[in-house]
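**Q** This structure is in structure tokens; I'll ask about it shortly.
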Amino acid sequence: MSISNFFSGVSTYSIQILTWTSPIVAALLALTTIVFSQYNEKIIYHSKQLDKEIIAHFQSSTQSNNVVIQKVNEMIYGISGTKIYKSNLMFFSIISWLSGIAWFIAGVGYWLNRENGKMKIGLADEISTFIALLVVILTFTILPFILIFFNKKPILKLDIQNRLHFKRFFQYLEGLPYNENNFIIDLIQPILEIKPRQQTELFIYFKQQIPITKVIFIYEFCGTDFEKVLIKIEKTNNENLERFSVNHHHTLSLMNYEGLVEKIKNSCTQNLFVYESSSCSHFGSYKCSFQNNDATIDLLSCSLKIQENFAQTPSDDIQDILKSNYDIVYKNSNSNTMTYHLNLLKK
């Protein structure tokens, strides 16, 4: 079928259908767009107010990290609601563009077949018809681009899954009166908890005060006689707290899970190395320490909290586990190793 035959098949029936349906579609699109635009405007306004409060707090003499953490999490929660507006904007754009295509096909066909009717069409009719069709087509086609252009962007950029990336949060902090190099200690405050259950099960809990993703945390536990345990946590979701189970790939002839926890608890030094996951670039090194456990809860469990920055280049063992598929590596004085995987448990 040629293009001319395709457009010659268009009758006034198509124009009538479009004139009936277009007002309804346009009215519904306008209504939903106004409602969700106002909703998005409130979210953006509230996030800007929180941003001003965070800046003012950083500039004050009574700075509290907990206040900043609360406001940033409130901002993340609010901005995650813009996903509804984005979905509505996408729906509006698709329907509008489809309507523009339908009017273009019907308009071209009607214009080419305008002399086939019984009524004589003059020059004024041709001009007015052409302008009317052009206005309708351009309205449906260009209006989505105008809405997208004037769509206000939130201060913190979340991805389509409402996740805050490490790099984007760092870039946000760069624009504030704050030393962004300290944000892992001050704002993220990662906590690692290790909880064995008898000799056959081991669970690891990882908590962040602000849930950032696209980041890798590698914990290093160094003991006597060059013994070492490495634990790698790669953040890929927007949860503050993650719970993992540990799976081993060897028979537990060297030690059971309780033995592994004892190696961690009896380590002489505890370090943390943070990497940006997309480029595997080293961001910072930190000293950690064990928190006091409540003996009435579990004598075998241990909890690790970050303490301070320190200048140390990651060792080859850190680089190896960073590039490997393993999440836990135990290495003894004879360089014998045991490897484990972490399985993320659903809530």
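**Q** With the dipole of the chain worked out from charges on the C-beta (+1 for Lys and Arg, -1 for Asp and Glu) around the Cα centre, which of T337, I184, P314 lies farthest toward the positive end?
**A** Checking the options against the dipole of the chain, the answer is I184.
**Q** Quick check: Cα centre of the range 25-87 to Cα centre of the range 141-163, how many Å?
**A** Between the Cα centre of the range 25-87 and that of the range 141-163, the gap is 14 Å.
**Q** Right, next: Calculate the dipole size of the chain relative to its Cα centre from +1 charges on Lys and Arg beta carbons and -1 charges on Asp and Glu beta carbons; express the result in debye to the nearest 20.
**A** Roughly 960 debye for the chain.
**Q** Per residue, how many Å² of accessible area does the chain show with a 1.4 Å probe?
**A** 56
**Q** Grab the Cα-Cα distance for Q319 and E276, subtract it from 0.36 nm times how many residues apart they are, and report the gain in nm with one decimal.
**A** On the way: separation 43, 0.36 × 43 = 15.48 nm, distance 1.32 nm.
Extending this stretch completely gives an extra 14.2 nm.
**Q** Which whole-number percentage describes the relative contact order of the chain, with Cα contacts under 8 Å and a sequence gap of 6 or more? Intermediate results must be reported in sequence, preceding the final value.
**A** Details: 504 pairs, mean separation 51.2, N = 347.
The value is 15 percent.
**Q** Stretch C222-T337 to full length: gain in nm at 0.36 nm per residue minus the Cα-Cα span?
**A** 40.0 nm is the gain from fully extending C222 to T337.
**Q** As a test of reading the structure, rank K228, K346, K52, K207 by solvent-accessible area (1.4 Å probe, protein chains only), most first.
**A** K346, K52, K207, K228
**Q** Ignoring everything except DSSP H segments at least 4 long, calculate the 222 nm mean residue ellipticity for the chain; use -39,500 (n - 2.57) per segment, divide by total residues, nearest 500.
**A** Mean residue ellipticity at 222 nm (helix-derived): -15000 deg cm²/dmol.
**Q** Another question, then. Using a ≥ b ≥ c from the Cα gyration tensor of the range 180-248 (square roots of the eigenvalues), is it rounded, prolate or oblate, where a/c under 1.5 gives rounded and otherwise the larger of a/b and b/c decides, a/b for prolate?
**A** It is oblate, given that a/c is not under 1.5 and a/b is not larger than b/c.
**Q** So, one more: Along each principal axis of its Cα atoms, how long is the chain end to end? Whole angstroms, biggest number first, please.
**A** 102, 55, 38
**Q** Of M90, M338, which has the most accessible area and how do the rest follow, probe 1.4 Å?
**A** Result of the area sort, largest leading: M90, M338.
**Q** Something else about it: Work out how much length N66 to E53 would gain on full extension: take 0.36 nm times their residue separation and subtract the Cα-Cα distance, in nm to one decimal.
**A** Extending this stretch completely gives an extra 3.4 nm.
**Q** Express the carbon and sulfur contribution to the solvent-accessible surface of the chain as a percent, rounded to the nearest whole number, probe 1.4 angstrom.
**A** On the way: 11310 of 19530 Å².
After summing per-atom areas, the C and S share lands at 58 percent.
**Q** Roughly how many Å² of S61 are accessible to a 1.4 Å probe, to the nearest 10?
**A** Counting only protein heavy atoms, S61 exposes about 120 Å² to solvent.
**Q** Leaving ligands, DNA and RNA out of it, work out the accessible area of I148 with a 1.4 Å probe and give it in Å² to the nearest 10.
**A** 80
**Q** Report K48's accessible area, 1.4 Å probe, all protein chains in place, as a number in Å² to the nearest 10.
**A** Accessible surface of K48 is approximately 90 Å².
**Q** Which helices, taking whole DSSP H runs in the chain, have alpha carbons extending 27 angstrom or more along the helix axis plus mean Kyte-Doolittle at least -1.0?
**A** Membrane-span-like by this rule: 12-59, 82-112, 123-149.
The values are calculated or read from the model by the stated rules, or taken from the named source; none is laboratory data. A quick note: this is a predicted structure, and the numbers were derived from the prediction, not measured. As a convention, Cβ positions derive from the backbone with ideal geometry for all residues, glycine included, and neighbour counts pool all protein chains shown. Please note that ligands, DNA and RNA were not included when accessible areas were found on the heavy atoms of the full protein model with its side chains. Shrake-Rupley method; radii C 1.70, N 1.55, O 1.52, S 1.80 Å.
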